Each structure stands twice: as C-alpha cells, then as structure tokens.
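The structure appears below as structure tokens.
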Amino acid sequence: MIKHDSLNLEKSLKLLEDAQAVTPAGVHSPVRAFKAVGGIPPVIDYGSGSYLVDIDGNRYLDFCCSWGPLILGHAHPKVSTAVKSQIDKGMTYGACTELEYQLASFIVEAVEPVERLRFVSSGTEAVMAAIRLARGFTGRDLILKFTGGYHGHSDYLLVEAGSGAATFGQPSSAGVPAALTSETAVLPLDDEVALEMFFNQHGERLAAVIIEGIPANNGFLIQRPEYMMRLRSLTEQYGVLLILDEVITGFRLGLGGAAAEYNLQPDLLTFGKVIGGGMPVGAFGGRAEIMKHLSPDGPVYQAGTLSGNPVAMAAGLATLTTLKNESPYPTLAERTQQFVTTLQSRVKHPDFQVVSRGSIFWLLFQADLPRAAHKIDPAGIQRFNRLHSLMLAAGYYLPPSGFEVGFISSAHQPEDLARAADDLGAIIADELRAA
Ligand SMILES: *Cc1c(COP(=O)(O)O)cnc(C)c1O
C-alpha cells in the first residue's frame, strides 16, 4: 500500500543546506521552505505533465502546479514549442512586438470588462500598478482590502487583518512603515453590514476596493454572489473603483474568470499566473476611460524593462490559445469534482470536506464552510500541516500550507486522480480516526 518511509531526500537536503550559504533559508519565496508543514522540501529536477520529479528521483503527482499557472501541466508540447521558437529569435528587445499585441487582444476579447490592458512581470506588479492607477484616476488615497486577501508583496497591501471590524494601517511585515499602510483599510469578507457601515463613513474618500476573484490565498473562501453584487453597487454609488484580482482565477475558472462567473463588471482587473503559461507575466486592465490615465497618455507613471517579454508572451499565447481551442474547462471541473467526491467518501468524517470550484480545491478540516478568514479553524490547518509529509511520502505534492489551495491540470488523468483519492483518503481517514 502506501509506503510512508520510502522517501529519500538526501540530495535535496544537501542542496538546501548549501543554498543557505548564499540565500536566506535557501529559498527564493518563503513558503517553499516548508516551515508550516515541516520536512525537507524536495528540490525539483523536472516536471512532466501532472508529475514532478526531484533530484533524488522521487516522483510526485503535482497538486501545486507552480501555485496555479500550469493549467496545462508541465512542459506542455504546444507551450514548449512556442517558447523554443521564440528563444531563437532573441529573448527581449525592449520594443514592441506582435506577440504582446496578440496576447493583449486575446485577453481583451475573452474578458468582457477589459477594454485596455498592459503587461508587467508579476501579479504583485499588476496589483501595484492597478492601485496607483485607481488613486490617480479618482484623486483619492484610501484603499480597502479584505482579511486574508493576498495581492502580492507590495508595502501598502501587507496589512494585518483584524477580524470583525475595520482596521487601519497595521503592517504585517517588518520593514513596512506604518505611514505606507495608513491608507489601507481592511474588512472581513462575507459581511454586508460591515461593508455598508464602512462606505457610510469612508466611501467618499475611498479610491478602490480590491478583492480576489475568489479569495484563494488564505483558504478557499467562496463568496456569495449577493455579497459581490453589494460590493459592486456600493462602489458604484460612491464613485469607488472595484479592482478584481484575478491573478489566480483569471483563465483558471474559465476564459472569463471570476468576473464572468459572478457576472460582475469590475473597473479594473489584475492577472498573472495562468496568463504567462509558466513564465513571469502579470497584466492589469479595465475600462478605456481609466486606462488612458496611464503614462505616456496620462499622468500615472508605470513602466518595465521586461514588460511584454516576447518569450513570456509566447508561452502565454500558446497557453491561452490551447485553452480556447481545446476548451478543457468542463473536463477539468468534472475530474476535479470526481476527485473531490471520491476523496470525501473515502474519509467520510464530519470534520473533513473538500471545497472546490472548477479545478481549484482546498482540503478543509472542519465541519462548517468558512466564507471569511476568521471562520477558519486553526486546529484544522494544523491537521493539514501534520499530514503534509505523509502525503508527500506517498507521492503527492500538495502546497506546503493548510491555507493554500490545490490545482488540477488538464494533464491530470482520471486514473491519477482516482489513485490519489484512495491514497490521500486513507492517510486522512487514519489521522481523523487517531484523533
Ligand atoms: C499570486 C498572487 C498575487 C501575486 O502574484 P506574484 O506573481 O506572485 O507577484 C497577487 N494576487 C493574487 C490573488 C495571487 O494569487
């Protein structure tokens, strides 16, 4: 059956120790250090389809998919071919290309609220630019985000989230001056009353509200459509821009992202992850009337040496074109649903459920479904974290934190998923029985 002790991570361990001599914790993004879940993070040799292989030769079914971008799986032939052929023509020109025009047109056509769009190199940058643009457009400074909403690592969005009431300006990272977060307000999700009170008091000086398409960085907190609609109507009423951060959900839930699912018309949208097909790409876009305030047409400055990088554009274009031509979304959703249902039936415990939408899923160790960060039971997160190394040893690479969601790619075959549901089900059921 499942071999819990079969994992040899000798080479990974050695490399991570060496890496610590040149890089803090040996990692270039903190969660990769596996601090929350313990154990040794495998150092990856290559990815192929739905699998990851580490430098010790261990093979894992990959449910992290590089945190979302790899909706077609690793090294998809169409994406690889597009990248290789662009590389031979040069990596970057710092000038206009057809590719960036093609990818921008694709997104403008697919995502209804996007009339104009500009590329940057990460989701963080996309959000930074969208916020600056919203402030420049409205002439107001205050922004509102939600508890547990992650929008990249820019200073004024790294704000500690207080539960229950609005909090102002408590940076959640050292090195962020309180002055930089004093114009960032935070509210809990899923609370119309709190929202209405906030707008009543501060609506007139609010530039923008930013919310994830479906909040998926602090658990998977699927919002009620009525809540999203209330947010839209309040922002409209007070002349506040609604920024939908679709860095995860854009082209993941469908070509139209969460905006289409909720039938929502945000003023600005931000993208990343899937649109780069595995290369570093971000984008922000929205109404032409707003976007024309960007430099050089308007006064809001924004720029990037590698923005619209042709290799990255080639990867993104190959990915989105494949998504459009092959329309894998219904199959992805079906396979995910099958996986979720089987996994739940293998575990069959009131304190375990799998929250999912499209090809995104979240293993949740509590009985009730949270829609706001403060409704997540920390004990359940701990439970996931304890199980992570057992799942890894069984050959399943899940994101290394109980707050993170998993992803399924079109390379995940039904037999992969059936085996995963059995194996993961057995591991989880064991843990819940032991408790
Ligand atoms: C990943 C993510 C970001 C940040 O993107 P990076 O490319 O990591 O800078 C921003 N917003 C959301 C919703 C994300 O999931």
Confirm whether Thr181 is closer than 28 Å to Val281 by Cα and in contact with a helix residue (DSSP H, G or I) (Cβ under 6 Å, 6 or more places away or on another chain).
yes
Which pairs turn up if I take residues in segment 111-134 that are under 20 Å from Ala207 (Cα atoms) and look for partners that are at pLDDT below 95 and assigned to a helix (DSSP H, G or I) with beta carbon separation below 9 Å, at least 6 apart in sequence or on another chain?
Thr124/Leu157; Val127/Leu157; Met128/Tyr156; Met128/Leu157; Ile131/Tyr156; Ile131/Leu157
So, in segment 26-50, of the ones that are surrounded by 14 or more Cβ atoms within 10 Å (Cβ to Cβ) and over 28 Å from Leu417 (Cα atoms), which residue ends up nearest to the chain's Cα centre (by Cα)?
Val27
How many residues does segment 401-417 hold that are surrounded by fewer than 15 Cβ atoms within 10 Å (Cβ to Cβ) and either in contact with a His (Cβ under 8 Å, 6 or more places away or on another chain) or not in a loop (DSSP other than H, G, I, E, B) (or both)?
2
Since Pro370 meets every condition but one in (1) buried (at least 19 other Cβ atoms within 10 Å of the Cβ); (2) under 22 Å from Leu189 (Cβ atoms); (3) touching a strand residue (DSSP E or B) at 6+ places or on another chain (Cβ under 7 Å), which condition does it not meet?
(3)
Within segment 141-160, can you find the residues that are among the aliphatic types (A, V, I, L, M) and either within 16 Å of the ligand (Cβ to nearest atom) or more than 23 Å from Glu204 (Cβ to Cβ) (or both)?
Ile143, Leu144, Leu157, Leu158, Val159
Over segment 341-362, the set of residues among the basic types (Lys, Arg) and in a loop (DSSP other than H, G, I, E, B) is Lys348
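The values are calculated or read from the model by the stated rules, or taken from the named source; none is laboratory data. Everything numeric in this text was worked out from a predicted model, so none of it was measured. No Cβ is skipped: glycine too gets one built from the backbone with ideal geometry, and neighbour counts run over all protein chains shown.
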